[in-house]
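In what follows, a single structure is set out as structure tokens and then discussed.
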Amino acid sequence: MIDAVLAIDIGTQSSRAALLDGGGQILALAARPHHLAVPRPGWAEQNPEAWWQATIQNMRDVLGRVSTRARVAAVAVCGQMHGAVPVARDGMLLADAVQIWCDKRAAPIVAEVSEHQDLDALQRRSGNIPNAAWSGFKMAWMRREQPTLYSDAWRILTPKDFINFRLTGVVATDRTEASGSFLMDIVSNEWSPELIALLGLDAGKLPGIWPSSAVIGSVSAGAARLTGLVSGTPVVAGSGDMLCQLLGSGISVPGTACDTSGTASIISFYAEQPILDRRLMNLHAAGPHWITFGILDSGGGSLRWWHDGFFGARETNADATYDQMMEEASRAPAGCEGLLFLPYLLGERTLGTANSRGVFFGLHSRHDRAHATRAILEGICLDLRQSLEIARDANVSVTEMRTGGGGARSALWSQIKADVYGTPVVTIQHEETGILGAAMLAMVGAGMYGSEAEAACLARERERFAPDQRAVALYNRKYALFRDLHERLQPNFCRAAELEDQ
């Protein structure tokens, strides 16, 4: 019988569980979807009980397939970040609709804090400036708008910490999630009394903070009966999903960075300490270091918009149509003969305004659909390069860019990234980098590896793309134009926003 680890991923669209062996190979995987409710504009809610029931069934599925040939050495959960799940002391869930990561209802509280506080001082303490995404602001909204619920809550947990609580009966969080709350001191890696007081919160409702690979407890007898796990199996603190994806991509040593293409596109950098620049955000890594990152809300989303609206692809095989798009884009030359795309279909977070919008610039009669598709791919990279240049100006070394998400399947896009960033781009063999990252944490907790950096050997290289120096020179010029347009258009974006409701 071989030693294996169980990795659980609580996503926005589905929950998954997988058993992996010590070499990082998936032995069995199961997934179940769940519902996202949007009861009002800017609100986003899910039922944590649905996460737990899906997780129970997923675990029973994978354990049933390999129970005779694998022993589970440890369990790790990763999950969507920044949620706010109120629980009672006896484990009862106190709300069947909780705020999740993309809920923005706390924006007025963010505005109040931002107006009356020294943002630089707040960033020096928390690593970030106020944002409605951070779970501390969701708790502050709960205290203000749902005072009885807030008062009744024994602890308020993030999604993966709620699953850990159901597995072990232990309340705990890890540094990745704590750093995403706006309540953790980045020097001590402990809760900040000053930040907690600023938001008017009760420190007693927060769980203790642990390293992501630390064993926080073991599977309870009750959870064992429900899931098929052996009672007493170690459970580690786990990590936010983004940080598990980065760990599973090998972002665990200086000089490494990652471009992750999902609905949003994120460019992330290994950092010894947070970079205190308002244009970037910081989260503690699922290891001893930090991750600094920039985000484009409509990165892959821009490509999906183009795919659905201009390739007649809503009712067809999506993968085949994406392949067609990439093949077609490869016919257009680098630089798209002057065509440039600003990918702001959902506005901007930190480098522009929420009023920013998508723009095709430089169209002429020689351009066709292939040019436009390639311009979208280039535009996403040109936007993310802005964050890369900020990190470089802060003396962050980037010698290798790893790439994950759906975009990593395209050789064309990987080469464009190498040329726009001017650095080698590496794709990873393992397509399930979040599941792999969680498994790596479980392996460290079980003693199968000595550290997260040691376990990073599992993030094996699939293909390497070297920058083409002629293309690099071209994209340097195109980036200068992109930056100029980005800045000049900001006032016009705001003027255009006034016309949207008319």
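Any read-out appearing in this document is the output of simple, stated calculations on the displayed coordinates, not a laboratory observation. Computed from a predicted model, the values in this text were never measured in an experiment. Here the Cβ is made from the backbone with ideal geometry for all residues, glycine too, and neighbour counts use every protein chain on show.
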Response to the item:
Dividing the mean separation of Cα pairs under 8 Å (6+ apart) by the residue count of the range 310-413 yields a relative contact order in percent of 28 percent
Worksheet item: Which value, in debye to the nearest 20, describes the size of the charge dipole of the range 2-237 about its Cα centre when Lys and Arg Cβ atoms bear +1, Asp and Glu Cβ atoms bear -1, and nothing else is charged?
Response: 700 debye
Worksheet item: Mind checking the alpha-carbon convex hull of the chain and giving the volume per residue in Å³?
Response: 147 Å³
Worksheet item: With each run of n ≥ 4 DSSP H residues scored as -39500 (n - 2.57), what mean residue ellipticity at 222 nm is computed for the chain after dividing by its residue count and rounding to the nearest 500 deg cm²/dmol?
Response: -12000 deg cm²/dmol
Worksheet item: Over the chain, what relative contact order in percent results from Cα pairs under 8 Å that are six or more residues apart?
Response: 15 percent
Worksheet item: Of A394, G445, P274, which is farthest on the positive side of the dipole of the chain, counting Cα position, with +1 on Lys and Arg Cβ, -1 on Asp and Glu Cβ, and the Cα centre as origin?
Response: G445
Discussion item. Which of the three applies to the range 90-157, rounded, prolate or oblate, going by the alpha-carbon gyration tensor with a ≥ b ≥ c and a/c under 1.5 meaning rounded?
Written reply: prolate
Worksheet item: Is the range 2-237 best put as rounded, prolate or oblate by its Cα gyration tensor, with a ≥ b ≥ c the root eigenvalues, rounded for a/c under 1.5, and otherwise prolate when a/b is larger than b/c, oblate when not?
Response: prolate
Worksheet item: How much of the DSSP beta bridge set in the range 2-237 is antiparallel, as a percent to the nearest 5?
Response: 65 percent
Fill in: At most 12 other Cβ within 10 Å, DSSP loop - GluC sites (Glu not before Pro), the range 253-335
E272, E315
Worksheet item: How large is the dipole of the range 343-487 about the Cα centre if only Lys and Arg carry +1 and Asp and Glu carry -1, each at its Cβ, rounded to the nearest 20 debye?
Response: 480 debye
Fill in: In degrees, nearest ten, helix 469-500 long axis to first principal axis of the chain (Cα)
80 degrees
Worksheet item: Given Cα pairs under 8 Å that are at least 6 residues apart, what percent is the relative contact order of the range 26-174?
Response: 27 percent
Worksheet entry | Net length gained if the chain between W154 and E500 were fully extended (0.36 nm per residue, minus Cα distance) | 120.1 nm
Item to complete: Report the semi-axes of the equivalent ellipsoid for the range 65-117 in whole Å, largest first, where each axis is √(5λ) for an eigenvalue λ of the Cα gyration tensor.
Response: 38, 16, 11
Worksheet item: Taking Cα centroids, how far is the range 115-162 from the range 38-75 in Å?
Response: 26 Å
Response to the item:
Shape call for the range 345-428, from the Cα gyration tensor axes a ≥ b ≥ c (a/c under 1.5 means rounded, otherwise prolate when a/b beats b/c, else oblate), comes out oblate
Response to the item:
Cys in the chain lacking any partner Cβ under 4.7 Å -> C102, C258, C336, C381, C457, C494
Fill in: C-alpha center-to-center spacing [the range 188-241, the range 340-409] in angstrom
37 Å
Worksheet item: Any idea what the dipole of the chain comes to, in debye rounded to 20, about its Cα centre with Lys/Arg Cβ at +1 and Asp/Glu Cβ at -1?
Response: 460 debye
